[in-house]
Every structure is written in structure tokens, then in C-alpha cells.
1. Out of G249, G232, which single residue is at pLDDT below 90 and open to solvent by less than 30 Å² (accessible area, probe 1.4 Å)?
2. State all residues of the range 335-353 that are among the polar types (S, T, N, Q) and open to solvent by less than 60 Å² (accessible area, probe 1.4 Å); if no residue qualifies, say none.
3. Go through the range 33-59 and count every residue that is open to solvent by 40 Å² or more (accessible area, probe 1.4 Å), over 14 Å from the mean Cα position of the chain (by Cα) and touching a residue at least 12 places away in the same chain (Cβ under 8 Å).
4. Take the residues in the range 140-153 that are part of a loop (DSSP other than H, G, I, E, B) and at pLDDT 90 or above, then tell me which one is most open to solvent (accessible area, probe 1.4 Å).
5. With respect to A24, determine if the residue is assigned to a helix (DSSP H, G or I) and more than 23 Å from the chain's Cα centre (by Cα).
6. Those residues that are over 20 Å from K354 (Cβ atoms), open to solvent by less than 60 Å² (accessible area, probe 1.4 Å) and at pLDDT below 90, I need them from the range 291-311; list them, please.
7. If I ask for residues that are open to solvent by 50 Å² or more (accessible area, probe 1.4 Å), farther than 12 Å from L71 by Cα and not basic (K, R), which ones from the range 2-32 would you list?
8. Does any residue of the range 62-74 turn out to be closer than 30 Å to N321 by Cα, assigned to a helix (DSSP H, G or I) and without any contact (Cβ under 8 Å) to a residue 12 or more places away in the chain?
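The values are calculated or read from the model by the stated rules, or taken from the named source; none is laboratory data. None of these values were measured; they are calculated from a predicted model. Positions of Cβ are generated from backbone atoms using ideal geometry, with glycine treated the same way; all protein chains shown enter the neighbour counts. Side chains are part of the model used for accessible areas, which takes the heavy atoms of the whole protein and leaves out ligands, DNA and RNA. Shrake-Rupley method; radii C 1.70, N 1.55, O 1.52, S 1.80 Å.
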Amino acid sequence: IISKVNSLKSNYFELMDDYDVSKASRVLYDFAIDELSNWYIRRNRKRLRNKENEKDKLAGYQTLYEVIIELLKMVAPVSPFVTEKLYLTLTGENNSIHLTEFTDFDKSKIDKKLEAEMKLAQDVVYLVRSMRVKNNLKVRQPLNQILVPVLNKEDKNMLLNVKDVILEEVNVKELNIIEGDSDIIVKKTKPNFKSIGPKFGKDVKKIQQIINNFTTEQISEIEKNGKLNTAGYEISSDDIEIYTEDIEGWIVESFNGITVALDTKLDEKLIEEGFVREFINRIQNYRRNNEFDVSDKIEIYFKSANNINEIIQRNEEYIMNETLSEKIQNANGQDYAFSETEINGEVCKIYLQKIH
């Protein structure tokens, strides 16, 4: 995020020097939402409330503070009053944000390779999440694996560097990288008539036939080089649309030059793990709805069918660690002010008690 905010400043100053205020505002908006809020802060939630490693927690907060202050200074020219209030509140100073100096971007802190790796991770994550939503696969339901084809060693190394980030974000057990052909990911092409119409004129039908019959090798070449010379014509990546066909148990989709195959087959172990994550979610929702502090230690009492009881007992330690609880107890026969919820079609009653 430090690299990204310095890249942002470089871009922002260039746009503002050209008086392109609208575009400068847009890059600030995109950074604040996509990079800072939806990525950095969300990925660091556990770290920012980690009492066991105070030094790391403070480092996370100090990084966040630095990024927010720099962001506020850049937003200040277009939103003077909100930024003034936030700046004075955060810094405790009496001097206005509008009397502070812009600090120039630090080129030594910009790591383009690291930014490219994180962008790759984000693209894969957003693609898999989209695939889950389209196919009604709950985010909290773990899945076995995703397959990602790569065109070269550089792409493979980039994926390996962010593999753990991707798997954690998409709730999948394994990421397998495919080099070469695959029985699961079979790419095909069809013509982009908006491009080939004006470009090839009377030869459009011939070009259409060529594109429809592209081989795997030809598709790989056009993906790598952006163009392909065949049958006396130069066909570019703009002239084609690459698509894949699903096979049973797999979903395959592409976005922004990335293709992912998602294994949708579930076994009993995965189903149980998905149930446990849903149960933890209900506990956290109860905490929020009843205004518990994020650091409050709790005891969990629940009423449920026998099969749910057995699942919770088998996963007791994991649930306790994730929910900051000291005890989980089946409360059958006891009369608490239960909150009733449904998990995967099963009724479960929950009551939480703070430990003072």
C-alpha cells in the first residue's frame, strides 16, 4: 500500500499539473475504495485487532495513518471541508490541512513488480468471486481448487508469489497452475465483427472462418504477441473473442486476460467446513447486532439438531479461536434469550454472553 500510494501521488500530481481535476479525483476515488478500503483494510482486519503481536498491530495502524493523511491532502482541493475535519481529528493539530505542504512522491518506495503481482491477485480474486455469485456458490463454502493457465514463466512466478493471498480471499484449498494444454480449460475463438468488419471489408467471411478454426497453438500465439499472421492476413487480439466451455463439475471464465477454472464439486468434509464458517458468521452478526466490542471475550450457547451439535463439537477449537470465545455449550433445556437463525436449511438458536 505504501508503494501504491506513492504511485498514486505521481499520477495525481501529473493530472493536476494538466488541470485534469475530474480524472485526478477519479484516481483518488478508485484508490480509496478499491485499494485502501476493499483490499488493504479488509485484508488486515485480524492484524489490526491482534493483541498477541502489539508491534505488528501498531505497524498496521501507522501505515494506515500515513496513507490516510496523504490521501486527505490530495482530496483537500476538491473537498475542502470534510478533509479539514478529518485531518484535524486524526492529527490533533490546530493548523489547517490547507496550510500543509504536499510531499512529493518517493520513487524509491515504488515497487512496480509488487504492484503488478497484487493486481494479478485482485483480478483472480474478483473473477472467482464473480463466478461464485453467478453460480450461487456461497463465499463461505470452501472449494477444492482453482486452475489458472499461464503463458510464460514470469506469469507463473507472479502467481506463485501471491498464491496464499488468492486462496485466502476466495476460500479455496489449492491453486494449480497449468502450463500448456488442459482437458478442463479448452480455449476457442470467435470473430469480433466490430473490429474485423471495417478492417477486412469484403474478406470478412473468410476471416470469420479462419478465426472460428484457430488451433490451440494459434490462440496461445495471439495471446502472447497480440497478433498472428495466417493465410496472408494479420489478425490482432482486437479482432477475436476468446471463450471457454464448461465441463461437468467445473466453471471456466476469463477476465482481463486471465482465465480461471473453478472446481465446484463438494464432498462431506467441504460441506462441514462451510457449515462451520456459516456458524461463525452468525456469531459475529450477533456480536454486531448487540453492540459487543470486537475484543469482548464471550461464551456461546446454542440449541440445534443433533447433526449440527456434532459438527460444532468436532470444530470447537477453531470456532472458539475465530470468535474470541472461552466456551461453547449446547444449551438444550436452558432458557436464554436466544436469537434464531438458519444455516444451510437447518434451524439453530444462538445466545452469547460477555465475560466480564
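1. Matching residue, one of G249, G232: G249.
2. Answer for the range 335-353, where residues must be among the polar types (S, T, N, Q) and open to solvent by less than 60 Å² (accessible area, probe 1.4 Å): S339, T341.
3. Selection size over the range 33-59: 3.
4. If we take residues in the range 140-153 being part of a loop (DSSP other than H, G, I, E, B) and at pLDDT 90 or above, then R140 is most open to solvent (accessible area, probe 1.4 Å).
5. yes
6. Listed by number, the residues that qualify are S304, A305, I308, N309.
7. Result: N11, E14, M16, D17, D18, Y19, D20, V21, S22.
8. There is at least one residue in the range 62-74 that is closer than 30 Å to N321 by Cα, assigned to a helix (DSSP H, G or I) and without any contact (Cβ under 8 Å) to a residue 12 or more places away in the chain.
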